[in-house]
1. Please give the number of the condition residue 124 fails out of (1) open to solvent by less than 30 Å² (accessible area, probe 1.4 Å); (2) part of a helix (DSSP H, G or I); (3) touching a helix residue (DSSP H, G or I) at 6+ places or on another chain (Cβ under 8 Å).
2. What single numbered condition from (1) more than 24 Å from residue 151 (Cα to Cα); (2) open to solvent by less than 40 Å² (accessible area, probe 1.4 Å); (3) not in a helix (DSSP H, G or I) fails to hold for residue 98?
3. Could you check the range 154-176 and list, in sequence order, the residues that are aliphatic (A, V, I, L, M) and either within 28 Å of residue 52 (Cα to Cα) or open to solvent by less than 40 Å² (accessible area, probe 1.4 Å) (or both)?
4. Residues of the range 15-57 being surrounded by fewer than 21 Cβ atoms within 10 Å (Cβ to Cβ), farther than 24 Å from residue 159 by Cα and touching a Phe, Trp or Tyr at 6+ places or on another chain (Cβ under 7 Å), which ones?
5. Quick one: in the range 64-89, which of the residues that are in a loop (DSSP other than H, G, I, E, B) and modelled with pLDDT of 85 or more is nearest to the chain's Cα centre (by Cα)?
6. Please give the number of the condition residue 43 fails out of (1) modelled with pLDDT of 90 or more; (2) in contact with a Leu (Cβ under 6 Å, 6 or more places away or on another chain).
Amino acid sequence: EYVDADNYGWYGPAMNIHRTAFAGRNFEYYSEDGVLSGRMASNAIMGAQEHGVYAYMKHFALNDQEGNRTSMLATWSNEQAIREIYLRPFEGALTEGESMGIMTSYNRIGLQYAATNDVLMYDVLRGEWGYEGSIIDDAMSYTPYYGVTEDMIMAGTNIFCLDADRAARIIEAVESADDGALLRKLQESNKYIFNAL
């Protein structure tokens with residue numbers, strides 16, 4: 001029997017790969033195979049969306065450990081492996097499952113923080129895959145990430161776990177910006193949020 005629990009957002013499914021047997025979230029990720037993970041997640045996402053639940057698949061991208069993940073962890077790989085293995089489940093869930101939500105990850109990819117990586121957000125997600133949904137941060141209240149909110153907006157992150165100080169910083173940054181780029185990105189963020197809804 002279907003019971004309405006008044007829950008409309010699901011921070012899942014978790015889409016990362018079993019990169020190592022010691023990864024802290026292997027219990028939550030589907031498998032070591034990107035295609036299989038994408039197929040399984042697509043069906044879970046479609047099932048959730050049939051009942052009005054928005055799936056924010058996570059953690060985009062290359063999240064592969066829990067220890068020190070909030071301490072500027074850097075994950076290293078090459079483009080071929082990233083595309084063929086680590087992005088494959090996300091791509092499948094977007095193209096087959098038509099997910100309208102993505103949650104970013106805490107880690108850096110190489111030296112660049114994942115949620116500020118405009119190549120991932122715009123070139124791959126929005127450009128190559130045609131993604132029109134929203135992107136949420138992963139509760140960026142940890143001190144090392146506190147100062148990158150504006151960079152996240154410019155890279156395409158649309159929804160933030162904000163406290164009053166971070167919200168005030170965004171407003172101040174928009175009001176003090178000369179070229180209006182940050183304001184345009186916030187307007188674009190609204191478009192993607194409304195698309196998801």
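1. Going through the list (1) open to solvent by less than 30 Å² (accessible area, probe 1.4 Å); (2) part of a helix (DSSP H, G or I); (3) touching a helix residue (DSSP H, G or I) at 6+ places or on another chain (Cβ under 8 Å), residue 124 breaks only (3).
2. Every listed condition holds for residue 98 apart from (2).
3. 155, 159, 162, 167, 170, 173, 174
4. Residues satisfying the conditions are 18, 36, 40.
5. In this case the residue turns out to be 87.
6. (2)
For every residue, the table says whether it meets (1) modelled with pLDDT of 80 or more; (2) among the polar types (S, T, N, Q); (3) in contact with an Asp or Glu (Cβ under 7 Å, 6 or more places away or on another chain).
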position: 133; (1), (2), (3): yes, no, no
position: 143; (1), (2), (3): no, yes, no
position: 155; (1), (2), (3): yes, no, yes
position: 161; (1), (2), (3): no, no, yes
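The values are calculated or read from the model by the stated rules, or taken from the named source; none is laboratory data. If you're wondering where the values come from, they're calculated on a predicted model, not measured in any experiment. Ideal geometry is used to build each Cβ from the backbone, glycine not excepted, and the neighbour counts take in all protein chains shown. All accessible areas refer to the heavy atoms of the entire protein, side chains included, with ligands and DNA or RNA removed. Shrake-Rupley method; radii C 1.70, N 1.55, O 1.52, S 1.80 Å.
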